[in-house]
Amino acid sequence: MPSFDEVLKEAGEFGRFQKRVFFLLCQTGITFSFLFTSVVFLGQAPDNYWCRIPGAAELSERCGWTLEEERNFTVLPLHLRNGSSSGECERLDVVWDASISCASPLAHYSNHSVGNLPLTACHDNWVYKQPHSSIISEYNLVCGNAWMLDLSQAILNLGFLAGAFTLGYAADRYGRILIYLLSCLGVGICGIIVAFAPNFTVFLIFRFLQGVFGKGTWMTCYVIVTEIVGSDQRIVGIVIQIFFTLGIIILPGIAYLVPTWQGIQLAISLPNFLFLLYYWVVPESPRWLLTRKKGEKALKIMHNIAKHNGKYLSPHYSEITITNEEVSNPSFLDLVRTPRMRRNTLILMYAWFTSALIYQGLVMRLGIVGGNLYLDFFISGAVELPAALLILVTIDRIGRRLPFGISNIVAGIACLITAFLPEDIPWLKTTVATLGRLGITMAFEIVYLVNIELYPTTLRNFGVSLCSSLCDLGGIIAPFLLFRLAAVWLELPLIIFSILAVVCGLLVLLLPETKGISLPETVEDVEQLSSHFGKRGKKRKHQDTNSYI
């Protein structure tokens, strides 16, 4: 009896039906990139703020001062006391009451010269010219509280990490499309609550939950797309990455047009509700249905795919039998129980961790162009487009392993060269660093595709989610590693990045080549994968005895 992939080939491997589903699910890449990078605009540093003296608000109202006049009375004396003080993190240690003069409020303290008035650290009561422009001004994340902005991004990454485990497991047990839709609903609801959070604690709680559900939408849509196309079309997974990059390019335009952080948060969260309409147009993965003993539903979906693609399934495709492999709830032990599954899992976990760590480290370090935040962010997204194009050109011609390994090695060498280039030729330093950014971006995008192709259907979503959780761990560590090592020597992080990348490049060459190979259905299929395409190709012809139609 023919295999699932043979039936898919007859129904159409990438026909009108798959193209429609592919285009719809690709939109998830845009909204996920919004969530992933939005902190840059949600947490924009306010242009002008200062610490208000107790009683100043009442006095300002009584005297009819403008904010600028109040600032002059508050901040200018600090320059006499401390020439470097801007009044942002300290204030005069005085209290203004009803006895204070509107014309000269500091004249009340005639026994002190203005330059000798005592100072104290500011702990609250900051004044912002644009009080709702960012979460920094909304929740006073300045001075001693500045670290809380980093905490908000770390919490989001922890949400991604939790989502990788919980929703990855749930998608393998309860279905891809169900978890995808629930995740979209969760991202939208949590995003609205984040926008109207009454305090920073509530903001963090629902930012975490938004990360959990956001990871569910991203990983599940990726798996659905790759499971409904043929082996020669799985490169569509790389195209999804282009939509992620498009999100990075679009986001600064949204932030430029929307003046408040609440508006930005709503603009990037509300589109997730539109994805709920996919309930009527995106089916469950027939591969997953086969593993859950739901052959009739899988057959119905295959006939629907064939119909939309203008194809016709032969009448003898009247019954679907599932894989002979016993279906159980997936666990980490399933990923390391057999030799090649264990090797693949450990290498992929390291590749995810390294890609995220270096990618985010280079983004933070490069600081493209400098000056205009919106333009800089747009350029940083545009830099990633050539990486996806290079993958599309090479991956189906020479395979997965070689571009995967070379891109990591190129990134590592570029980091090493950048570290030792002199500062007096900044154009060359920036160019080589950009080459490293391209290399690690390619590696980051290829690891998605390879990860999916190296796990059987019964473990695919869980395996991808668990391995990619190391990406979130890398994202949490990256800023701390970068800034702590840079304090020792500015170029030291690049040395660490280069070592990690080169080691990763060598390790991924140990993975089997998956170009043109059908997705494995069982652990046995994975164990038969060879590092050499030829061996694998011969075995595949005789091993279609597990998942049949």
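The values are calculated or read from the model by the stated rules, or taken from the named source; none is laboratory data. All values derive from a computational prediction rather than experimental measurement. Glycine also receives a Cβ, built like all others from the backbone with ideal geometry; neighbour counts cover every protein chain displayed. Calculation scope for accessible area: heavy atoms of the full protein, side chains included, ligands and nucleic acids excluded. Shrake-Rupley method; radii C 1.70, N 1.55, O 1.52, S 1.80 Å.
Computed 3J(HN,Hα) for region 166-181, one whole-Hz value per residue from the Karplus formula 6.51 cos²θ - 1.76 cosθ + 1.60 where θ = phi - 60°, is 6, 7, x, 5, 5, 5, 6, 9, 10, x, 5, 5, 4, 5, 4, 5, glycine and proline marked x. Taking Lys and Arg as +1 and Asp and Glu as -1, the other residues whose beta-carbon sits under 15 Å from that of Gln262 total 0. If you take all other residues with their beta carbon under 15 Å from the beta carbon of Ile136, and give Lys and Arg +1 and Asp and Glu -1, the sum is -3. Among Asp47, Asp472, Asp396, the order of accessible area from largest down is Asp47, Asp396, Asp472, computed with a 1.4 Å probe on protein heavy atoms. A 1.4 Å probe run over region 172-270, with the rest of the protein chains in place, finds 30 Å² accessible per residue. For region 131-208, the spread of Cα coordinates along the three principal axes comes to 46, 20, 16 Å, biggest extent given first.
Among the listed pairs Lys215/Lys307; Lys19/Lys311; Lys19/Lys215; Lys311/Lys515; Lys9/Lys215; Lys9/Lys311, a Cα-Cα separation exceeding 21 Å is found for Lys215/Lys307; Lys19/Lys215; Lys311/Lys515; Lys9/Lys215.
Considering only alpha-carbon pairs that sit under 8 angstrom and 6 or more positions apart, the relative contact order computed for region 145-240 is 38 percent.
By its C-alpha gyration tensor, with a ≥ b ≥ c as the square roots of the eigenvalues, how is region 325-534 shaped: rounded for a/c under 1.5, else prolate for a/b larger than b/c, else oblate? Verdict is prolate for region 325-534.
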